[in-house]
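Peer 1: Supplied in structure tokens, the structure appears directly below.
The values are calculated or read from the model by the stated rules, or taken from the named source; none is laboratory data. Note that the structure is predicted; figures quoted are calculated from it, not measured. Glycine also receives a Cβ, built like all others from the backbone with ideal geometry; neighbour counts cover every protein chain displayed. Ligands, DNA and RNA are excluded from the accessible area calculation, which covers all protein heavy atoms including side chains. Shrake-Rupley method; radii C 1.70, N 1.55, O 1.52, S 1.80 Å.
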Amino acid sequence: MTATSDLEGVLAALPRARHRETSAYPIEGRFPSVALRPESPDGVARVLAAARDARAAVVPQGARTALTLGRPVSRYDVALDTTGLHRIVEYEPADMTVTVEAGVTLHALQARLAEEGQYLSVDPPPGDEVTIGGLLATARAGAWRGLLPGVRDLVLGITVATPEGTLVSSGGRVVKNVTGYDLHRLHTGALGSLGVIVSASFKVAPLPEATAMLALRCPDIQLAERAAFELRDRRLPLRALSLLDASTATTVGVETRAPATTVLAAFEGVPAVVARAERESRDVARRMRAAIEAVPPFTWSALRRRAALAGSEEQTVLVRLGVPPSRVASTLAAVGSGRLEAWAHVAAGCVYVRGASLTAATLLALQADAHAAGGFLQVEHAPAELRDIGDAGDLELTRTLKATFDPEGVLNPGRWGDDA
Amino acid sequence: MSTSQPTLAVLVDELTRALGKSSVLARPEELIAYEYDATIERARPDIVVFPASTDDVATVLRLARKHGVPVVPRGSGTGLAGGAVPVQGGVLCVLTRMNRILEIDVRNRTATIEPGVINLQLQEAVATHGLTYAPDPSSQRVCTIGGNVATNAGGPHTLVHGSTVNHVLGMRVVLPDGRATFLGSRVPDAPGLDLRGLFVGSEGTLGIATEIVVRLVPRAEAVRTLLAIFASIEDASNAVTRVIASGVIPVALEMLDREIIRAVQHSRDVGYPEDAGAVLLVEVEGLRETVEQQSAQVIEALRAAGALDLRIASEAAERERLWEGRKSAIGAIGALAPNFYLLDGVVPRTRLPEVMRGVEELSARYGFRCGNVFHAGDGNLHPNVMFDSMEPGATERVLALGAEILRLCIEAGGAITGEHGVGLEKRSYMEWMFGADDLEAMSRIRLAFDEAGLFNPCKVLPSGHGCASAHSAELTHHLATPGVYV
């Protein structure tokens, strides 16, 4: 750990009013030596330049909901709190685009957009408390993924603060743009390892006129799978289609016992089409011998919370698998029930498994199956010894890009492994 | 910066031994056909190769790199920004023989294709399964998916569905040094850096995709196509905003002005009214109930915006006719003038009326007729400036007009290219949109993939090593031929 005296330069980058208590920023049991909360993109850039000069390691953080993604950081000297960047920079409802600073929470953004009958079609775990910067840096997705455009589809442009102390932009604020390289895509999901996102522009959508949320409690997973695909193949206006094992369903308020599997379906659209979706869902339920009922919004927010990382016990393992939709049910079945919770978002092929009893052997077996199906496995939360398991894309290109954008390893060093 | 003859001779020999004689062209008379794309910028490659597999592509790139010879990828050559023009000669790597659809996975709604598959060929193959591949550029009868990936191609249906990057899940890619890797996955949100997202739209400068996994969407249950007639472009532009403000996002929202309508009708009767100032082609799709309600909302919005008349295509044949008119628009202009300059700019939708007024004024000031056809819903404009290149000074004036129009787009908060790409044509305009630090970051990305700097040189970024910046090298204008699409 860098001695505190080396960090004087970093502290000096911002006035005293922007200094914070380091005790408020632990990451996996470690505390930084310095905590700063700039209130402008320039302030962020100054902190990074100073950190680079001091050879200090910076972890940018907003709502601090996903700091366990990737490998544990190898060094942690400076907590860079982005919540001071809280302006909505520009919002043109008639253009359906909005530009916001990275510290704005999704909750605040959605509230502002709702005033004009619009919203950003993302429902990341654990909830709307995430900041826009964190939303982009982690690219975590919820049940809407695969049915509605995700954050990767909605981001139009970005401004990023670099370790050199500059501000760099790409894209723009228009919905169609092929000018140059899409740095905004490079930074989406980059876990804050290549730059600190300070603002971004997004495409927004009109809020749906009507919505409905239903649970189909199916006797077993085969019937649940059939029900889910039938709802999908009827081209019903789905915004979410999830499968829950009995543990997960019970936790979110839909009481079932194994081997019952629950299909959670959410629909949106004009009132007539949502009514049709409800009618057809009842028809599907009947044929699959499932009990069907409307569920309140709480069910969905509770499901989002099941993928929470912060506040989980150290031993909890949360794994995200990507497999083709046709393999979702078999993956859930392979996990089994008991002391594990498993649920999936069918359209995106996203399967979550959560529990304290997941071993390295189990994870590697799940990963092998995912690979065989052309998919992937990512460990989102786990004790340190399990964090080396998981996919992270092309390592050589990742290391090269890391070396070019952050040669001194100022930002989140070690997130991508020893060399990055 | 050109390669020596002895080096080329060795390379030709090695490529021929690796790929076979029928896959390598090196005689001057064979190379001529490959010196241009849909622009008129010309440069002759030294060698043209036709790989048949990922291994072939890897071999080509590895060998070329070994000898320090540039490589330029090419699909069907319909690019509108000079992206496939081999300005420093070298090896032109043509992907058209890799044209197999490897898999259509109906249950998972994906298709895996080789880069030389023609866009329309993919559409037709998946249509039989009730599915569609959403990005549908007007050049779809000719353009390849690989080219679509390079340019992040859009099309009239981008408004709802997005462009190519929103539909590519993963790709096998050969990097400039010959190493093959996989970017993305078969499902969205692969962990790690979004190299997939970075690659799509990189205009063939970061490598060559040899297998592409795309997602498919179900065909809509119902569709309704409307043609709304307006007295002026301004009225039509205002109508665009009203339609979207009504809460409906049409799946397509295209505008054509009087010049274009007349050009199209001149070549065949597709039902466009020749006395209109502008028309809007609006399409709503979805489930029956959705289309019912939304088309009523759209009609109300169009009437409130001053539509003089509305025509609703009540059956498939009529819908086809209306679209045929739109998609053949650029080719039709060919009949009206010896040459035309096709522009591609984008502005926030709400700024369309004032920008279109500006385009009209500027064209008049420069003394050129200009026809406008564009994706109004996205604010993506395509002014077509008609001129005669044989007239002294006309070409220079047309280029100057084009630059002013692009400036207008930027001042309105837009961008210098909505879908055609930067390529050769717009490199020098990059500085209008991006600062030195931004461009430097972009060049670092390029370098991370292409350390040697030999891959599709002189494209996208303002003047790199050895890239000619003489004014004549920046000239780009388009021959009016039926083979050009927008």
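Peer 1: With the Cα gyration tensor of segment B:302-419 giving a ≥ b ≥ c as the square roots of its eigenvalues, does the rule (a/c under 1.5 for rounded; else a/b larger than b/c for prolate; else oblate) give rounded, prolate or oblate?
Peer 2: oblate
Peer 1: What FRET efficiency comes out for the pair residue A:395/residue B:314, r = Cβ-Cβ distance, R0 = 56 Å, nearest 0.05?
Peer 2: After rounding to 0.05, the efficiency reads 0.50.
Peer 1: Output the direction-averaged projected area (hull surface divided by four) of the convex hull of the alpha-carbon atoms of segment A:314-404, in nm².
Peer 2: 6.5 nm²
Peer 1: According to the Cα gyration tensor, what semi-axes, each the square root of 5 times an eigenvalue, does the equivalent ellipsoid of segment A:67-198 have, listed from largest to smallest in whole Å?
Peer 2: 23, 18, 15
Peer 1: Rounded to the nearest 20 Debye, what is the dipole magnitude of segment B:108-210 about its Cα centre when Lys and Arg each give +1 and Asp and Glu each give -1 at the C-beta?
Peer 2: 140 debye
Peer 1: Let me know the mean shielding of B:156-162 by other chains, meaning the per-residue number of their Cβ atoms within 10 Å of its Cβ.
Peer 2: Counting Cβ atoms of other protein chains within 10 Å of each residue's Cβ and averaging gives 2.
Peer 1: Label residue B:30 and residue A:294 with points 7 Å out from Cα along Cα→Cβ: what is the distance between them in nm?
Peer 2: About 7.1 nm, to one decimal.
Peer 1: Further, regarding this structure: Once label points are set 7 Å from the Cα along Cα→Cβ at both residue B:452 and residue B:335, what is their separation, rounded to one decimal in nm?
Peer 2: Going from the residue B:452 label point to the residue B:335 one covers 5.0 nm.
Peer 1: On a 0 to 90 degree scale, rounded to 10, what angle separates helix B:288-304 from the longest Cα axis of chain B?
Peer 2: 70 degrees
Peer 1: Over all residues in B:434-442, what is the mean tally of Cβ atoms on other chains that come within 10 Å of each residue's Cβ?
Peer 2: 6
Peer 1: Using a Gaussian network model of chain A with C-alpha springs under 10 Å, which one of A:167, A:318, A:36 is most mobile by mean-square fluctuation?
Peer 2: Checking each option, the largest mean-square fluctuation is seen for A:167.
Peer 1: In Å, what Kirkwood hydrodynamic radius results for segment B:367-419 from the alpha-carbon pair distances?
Peer 2: 12.1 Å
Peer 1: Provide the packing ranking of B:118-126, A:410-418, i.e. peptides ordered by the mean count of other C-beta atoms within 10 Å per residue, highest first.
Peer 2: A:410-418, B:118-126
Peer 1: Using alpha carbon centroids, what distance separates segment A:245-299 and segment B:207-221, in Å?
Peer 2: So the two Cα centres are separated by 30 Å.
Peer 1: Could you work out the equivalent-ellipsoid semi-axes for segment B:87-144, taking the square root of 5 times each eigenvalue of the Cα gyration tensor, largest first, in whole Å?
Peer 2: Three semi-axes, in Å: 26, 13, 8.
Peer 1: Compare each residue of segment B:183-216 in its chain alone against the assembly with all protein chains, and report those whose accessible area goes down by 50 Å² or more; 1.4 Å probe, heavy atoms.
Peer 2: Buried on complex formation: B:187, B:188, B:189, B:191, B:192, B:193, B:194, B:195, B:198.
Peer 1: Please report Rg (one decimal) and Dmax (integer) in Å for the Cα set of the protein assembly as shown.
Peer 2: According to the Cα coordinates of the protein assembly as shown, Rg and Dmax are 27.2, 84 Å.
Peer 1: Compute the accessible area per residue over segment A:74-113, keeping the other protein chains in place, probe 1.4 Å, unit Å².
Peer 2: For segment A:74-113, the per-residue accessible area is 32 Å².
Peer 1: I would also like to ask the following. Which residue, chosen from A:345, B:317, A:250, occupies the Cα position most advanced towards the positive end of the dipole of the protein assembly as shown, where the dipole is computed from +1 (Lys, Arg) and -1 (Asp, Glu) charges on Cβ about the Cα centre?
Peer 2: Going by the Cα projections, it comes out as A:250.
Peer 1: Between helix B:258-267 and chain B, what is the angle of the helix's C-alpha long axis to the longest principal axis, kept within 0 to 90° and rounded to the nearest 10?
Peer 2: 70 degrees
Peer 1: If the viscosity is 0.890 mPa s and the temperature 25 °C, what Stokes-Einstein diffusion coefficient in µm²/s follows for segment B:34-182 when Rh is the Kirkwood radius over Cα pairs?
Peer 2: Value of D from the Cα-based Kirkwood radius: 153 µm²/s.
Peer 1: Next up: Please identify, among A:51, A:384, A:63, the residue showing maximal mean-square fluctuation in a Gaussian network model of chain A using a 10 angstrom Cα cutoff.
Peer 2: Taking springs between Cα atoms under 10 Å, the residue moving most is A:384.
Peer 1: Based on C-alpha coordinates, I'd like the Rg and Dmax of chain B, in Å.
Peer 2: That works out to 22.4, 71 Å for Rg and Dmax.
Peer 1: Please list, or write none, the lysines whose alpha carbon is within less than 28 Å of the alpha carbon of residue B:426, excluding same-chain residues fewer than 8 places away.
Peer 2: Excluding near neighbours in sequence, the set is A:176, A:203, B:327, B:459.
Peer 1: Can you give me the orientation-averaged projected area of the convex hull built on the Cα atoms of chain A, in nm²?
Peer 2: Mean shadow area of the hull around the Cα atoms is 19.6 nm².
Peer 1: Also, I was wondering about something else. Treat segment A:161-287 as a sphere of radius equal to its Kirkwood radius over Cα pairs and apply Stokes-Einstein at 25 °C in a medium of 0.890 mPa s; give the translational diffusion coefficient in µm²/s, rounded to a whole number.
Peer 2: Estimated diffusion coefficient is 137 µm²/s.
Peer 1: Turning to a different aspect of this structure: For helix B:233-245, report the angle its Cα long axis makes with the longest principal axis of the Cα atoms of chain B; keep it between 0 and 90° and round to the nearest 10°.
Peer 2: Compared with the principal axis, the helix lies near 90 degrees.
Peer 1: Where Lys and Arg each count +1 and Asp and Glu each count -1, what net charge lies around residue A:367 among other residues with Cβ under 13 Å from its Cβ?
Peer 2: Around residue A:367, the charge tally is -2.
Peer 1: Write down Rg/Rh for segment B:254-319, rounded to two decimals, with Rg from the C-alpha atoms and Rh from the Kirkwood relation over Cα pairs.
Peer 2: Taking Rh as the inverse mean 1/r over Cα pairs, Rg/Rh reads 1.00.
Peer 1: Here's another thing I want to ask about it. For segment A:318-420, which whole-number percentage of the solvent-accessible area (1.4 Å probe, protein heavy atoms only) is attributable to carbon and sulfur atoms?
Peer 2: Within segment A:318-420, the accessible surface is 51 percent carbon and sulfur.
Peer 1: With n ≥ 4 as the cut-off for DSSP H runs, can you work out [θ] at 222 nm for the protein assembly as shown, using -39500 (n - 2.57) per run divided by the number of residues, rounded to the nearest 500?
Peer 2: For the protein assembly as shown, the value works out to -9000 deg cm²/dmol.
Peer 1: So if R0 is 22 Å, what FRET efficiency would residue B:324 and residue B:217 give, r being the distance between their Cβ atoms, rounded to the nearest 0.05?
Peer 2: 0.45
Peer 1: Count, for each residue of A:398-404, the Cβ atoms from other chains sitting within 10 Å of its Cβ, then give me the mean as a whole number.
Peer 2: The per-residue average across the peptide is 4.
Peer 1: I want to verify the translational diffusion coefficient of segment B:136-280 in µm²/s; compute it with Stokes-Einstein, Rh as the Kirkwood radius over Cα pairs, at 37 °C and 0.692 mPa s.
Peer 2: 184 µm²/s
Peer 1: Given B:370, A:165, B:126, which one lies farthest toward the positive end of the charge dipole of the protein assembly as shown, if we put +1 on the Cβ of every Lys and Arg and -1 on the Cβ of every Asp and Glu?
Peer 2: Ranked along the dipole, the leading option is B:126.
Peer 1: Using bins 5 angstrom wide from zero, how does P(r) for segment B:314-361 break down, in % of all Cα pairs?
Peer 2: It works out to 4, 15, 15, 15, 20, 17, 11, 2, in whole percents.
Peer 1: For the residue pair residue A:371 and residue A:278, what label-to-label distance in nm results when each label sits 7 Å from Cα along the Cα-to-beta-carbon direction?
Peer 2: 4.8 nm
Peer 1: Please give the FRET efficiency for residue A:107 paired with residue B:391, using the beta carbon to beta carbon distance and R0 = 45 Å, rounded to the nearest 0.05.
Peer 2: 0.15
Peer 1: So if I place +1 on the C-beta of Lys and Arg and -1 on the C-beta of Asp and Glu, and nothing else carries charge, what would the dipole magnitude of segment B:289-391 be about its Cα centre? I want it in debye, nearest 20.
Peer 2: 220 debye
Peer 1: On a C-alpha basis, how far is the centre of segment A:354-420 from the centre of segment B:303-332 in Å? Whole number, if you could?
Peer 2: Here the two parts' Cα centres lie 51 Å apart.
Peer 1: Still on this structure, I have one more. Kindly compute the accessible surface that chains A and B hide from a 1.4 Å probe when together, both sides summed, and give it to the nearest 100 Å².
Peer 2: About 6300 Å² of accessible surface is lost on pairing.
Peer 1: Take the solvent-accessible surface of the protein heavy atoms, probe 1.4 Å, and return the percent of it on segment A:139-185 that carbon and sulfur atoms account for.
Peer 2: Here carbon and sulfur together make up 52 percent of the probe-accessible area.
Peer 1: Taking 0.36 nm per intervening residue step and subtracting the Cα-Cα distance, what contour gain separates residue B:125 from residue B:100 on full extension?
Peer 2: Taking residue B:125 through residue B:100 to full extension adds about 7.9 nm, to one decimal.
Peer 1: When the solvent-accessible surface of protein heavy atoms is calculated with a 1.4 angstrom probe, in what order do A:86, B:67, A:381 fall, highest first?
Peer 2: A:86, B:67, A:381
Peer 1: Here is a further query. Using each residue's phi in segment B:345-354, evaluate 6.51 cos²θ - 1.76 cosθ + 1.60 at θ = phi - 60° and report the 3J(HN,Hα) Karplus result to the nearest Hz, with x for Gly and Pro.
Peer 2: x, 9, 9, x, 3, 5, 8, 3, x, 5
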